[in-house]
Amino acid sequence: MGEIEGRQRRWPRAVPANAVRVAAESERLAATSGEAVNFSDGGACLALQTPDLAVGDELILWLTFAGLGRTVPATGRIVWAGSGRGRPRYGVQWTHQGPQRSWIGWLVGA
C-alpha cells in the first residue's frame, strides 16, 4: 500500500486500464468534467476542469467507462484538493455504498 505523509493508506489505489470520463456537479458548481486518475474502495482521484471546488464540497458524479457506453452514478465528498499536471486534482471519498464500488476491480483488469 502507498503512504500518505508517513501513514498507511486505508485502501490500495488502482489506475484504470481504460479511460474513465467524469461529469460532476455540486451545489456551488453547475457542472464540470474531467477524468478519473485512480480509484479505491474508499474513493477516487479526479482531474477536473475547474479550480472552483473546495474540501468539504459534496459531489454528484457520473462515471463513463470507455468502450462500454455505460454511465455509473456515484456520490462523494472532496477530502483534498491540489494542482496536478494541467488540471486541478481532487481526492473524493465515496459517501454512498453505490454501484461504482463494484466497477473498481473491472477498471484495473480491463
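Report ³J(HN,Hα) in whole Hz for each residue of the range 59-64, in order, from the Karplus equation J = 6.51 cos²θ - 1.76 cosθ + 1.60 where θ = phi - 60°; Gly and Pro get x.
With coefficients 6.51, -1.76 and 1.60, one gets 10, 9, 10, 10, 9, 10 Hz.
Points 7 angstrom from Cα along the Cβ direction at GLU25 and ASP41: gap in nanometres?
3.2
Tell me the relative contact order for the range 3-103 as a rounded percent, counting alpha carbon contacts under 8 Å between residues six or more apart.
Numbers: 221 pairs, mean separation 24.1, N = 101.
That works out to 24 percent.
Which residues in the range 21-36 place their backbone N less than 18 Å from a point set 7 Å from the Cα of ALA54 along the Cα-to-Cβ direction?
Residues 25-31 fall inside that zone.
Coordinate-derived values only; no laboratory data. Remember, predicted model here, so these are calculated numbers, not experimental data. When we count neighbours, we look across all protein chains shown, and the Cβ atoms used for this are built from the backbone with ideal geometry, even at glycine.
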